[in-house]
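Input: a single structure, listed below in structure tokens.
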Amino acid sequence: MAAKNSDKVFLGIALLLLGGAAAWITLRGPTQSIDTGTSEVDLSAASYKPVGLAASSVPTAKWEEPPAQAAGPYWVFEVFSPPEIFYKDGTFLVKPATVKPPVPPAPDFGLEYVRILRDDFPLQLLGCSADGQGLFRNNLNGETFYAKAGRKVQIKDGVEFEIRSFEIREGQMKLPDGNMVIPEPVGYAEIVNNATGQVSNINSQERLVLGKPFVIFRATVGPKAGKILDAVRAGEEFTLPAYESTYMNAPRQISEAKYIVDEIVEQTSTTPAKVVVTRHSPDLKNRIHPDDFDSQTFSSLPKPRAVTPKAKHAPPAAPAATK
């Protein structure tokens, strides 16, 4: 019963809407068009005249020919450098680019460190024999011989050494691993230089050296490149001659350089050897600093060794010893 009543309500609403639409169409009447006409703009009376733009006046500058670089007359600037452009008081100012010629780098230092040495005492004691003699070596000619106290040795022309005393004492020798020592006989000798009366003591465990250490270099530049130079001590100086090199494919003359050995430190069991050298050359001025010298430190640090890869299969262990 309720459903029938709702249908009647919807039907009534639909009839009302339909009646309202019909009444609105009747009252609106026929459609009328509106004539808007035409609109035109008359420009015949306009006072328009085309005006050309005035030519702008820009000052120009003449570029000079590119100068040769410091490396030589055959090199000029190949890379374009933009000009300097300014704007001031409504005017553009243009100037050619200001390019400074490149400054050649400092020449190679010219030295390769070889080693540090000392002068050996002319007579060295190498060991001792079971019959109580000492094994000696003449370092000047390489001769080795056995001798006891009282023997005279001709070291070189006009120089004679005498073995004033010789004895063998019980000593110790440290094994390479540094953890163990074993007993070892050590020979001791007192040597007299008969020409000067100077007395020196030598033994078979340590090498007797004289004076200050000296360093040996190998030249790496110039006419002496690859050659071993004379040994020098701290405070001494030497020179490498001038030579011709190249820079940017142009010839370059390298001036003579003077070297001074400032410091020599010998190698120990815990520290490497070190040599400090100062070089003086006019080619260094105005490159690193206003002075005409630089310095380099050489060291005897060992080069890293290449690591050999381990075999996939370890070799068989040696058989155990049997009693």
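No lab work stands behind these numbers, since they all come straight from the coordinates. In this text the structure is predicted, and so the values were computed from the model without any measurement. For neighbour counting, all protein chains shown are included, and Cβ atoms are generated from backbone atoms with ideal geometry for every residue, glycine included.
The ranking of 25, 155 from fewest to most other beta carbons within 10 Å of each one's beta carbon is 25, 155. Taking amide H as placed 1.01 Å from N in the peptide plane, residue 252 has its amide H under 5 Å from the amide H of 245, 246, 247, each at least 5 places away in sequence or on another chain. Placing a label point 7 Å from the Cα of residue 293 along the Cα-to-Cβ direction, the residues of the range 221-247 whose backbone N falls under 13 Å from that point are 235-238. Distance between the modelled labels on residue 265 and residue 165, one decimal in nanometres: 3.9 nm (7 Å Cα→Cβ projection). With neighbour counts taken as other beta-carbon atoms within 10 Å, the residues 243, 146 rank, fewest first, as 146, 243. Taken about its Cα centre, the range 122-207 carries a charge dipole of about 140 debye when Lys and Arg each add +1 at the Cβ and Asp and Glu each add -1 at the Cβ.
The alpha carbons of the range 87-154 occupy a box of 110, 22, 14 Å along the principal axes, longest dimension given first. Residues in the range 262-277 carry Karplus couplings, in order, of 7, 8, 10, 10, 6, 6, 10, 5, 10, 10, x, 5, 9, 9, 10, 10 Hz; the curve used is 6.51 cos²θ - 1.76 cosθ + 1.60 with θ = phi - 60°, and Gly or Pro positions show x. Computed from backbone phi with θ = phi - 60° and the Karplus coefficients 6.51, -1.76 and 1.60, the 3J(HN,Hα) list for the range 151-158 is 7, 9, 10, 7, 6, 7, 4, x Hz; x is used for glycine and proline. Note on residue 49 and residue 23: with the Förster distance fixed at 45 Å, the Cβ-Cβ geometry gives a FRET efficiency of about 0.10. Remark: the residue 91-residue 180 segment gains 22.9 nm on full extension, using 0.36 nm per residue and subtracting the alpha carbon distance.
Here the Karplus curve 6.51 cos²θ - 1.76 cosθ + 1.60, taken at θ = phi - 60°, turns the phi angles of the range 241-258 into couplings of x, 5, 7, 9, 10, 10, 9, 6, 6, 10, x, 9, 8, 9, 6, 4, 10, 10 Hz, with x standing for Gly and Pro. For the range 169-233, state which trypsin sites (Lys or Arg not before Pro) are in a DSSP loop and have at most 16 other beta carbons lying within 10 Å of their beta carbon. Here the trypsin sites (Lys or Arg not before Pro) that fit, given the DSSP loop and packing criteria, are 207, 227. For the range 122-207, a Kirkwood hydrodynamic radius built from all Cα pairs, placed in the Stokes-Einstein relation at 4 °C and 1.567 mPa s, yields a translational diffusion coefficient of 95 µm²/s. Only residues of the range 204-241 count here: report those whose backbone N is under 11 Å from the spot 7 Å along Cα→Cβ of residue 278, or say none. Hits in the range 204-241 for residue 278 at 11 Å: 235. Label reach from residue 207 (point 7 Å along Cα→C-beta): in the range 120-142, amide nitrogens under 15 Å belong to 120-127, 137-142. Label the range 180-239 by shape, choosing from rounded, prolate and oblate, from the square roots a ≥ b ≥ c of the eigenvalues of the Cα gyration tensor; if a/c is under 1.5 it is rounded, and otherwise prolate applies when a/b is larger than b/c, oblate when it is not. Oblate, because a/c is 1.5 or more while a/b does not exceed b/c.
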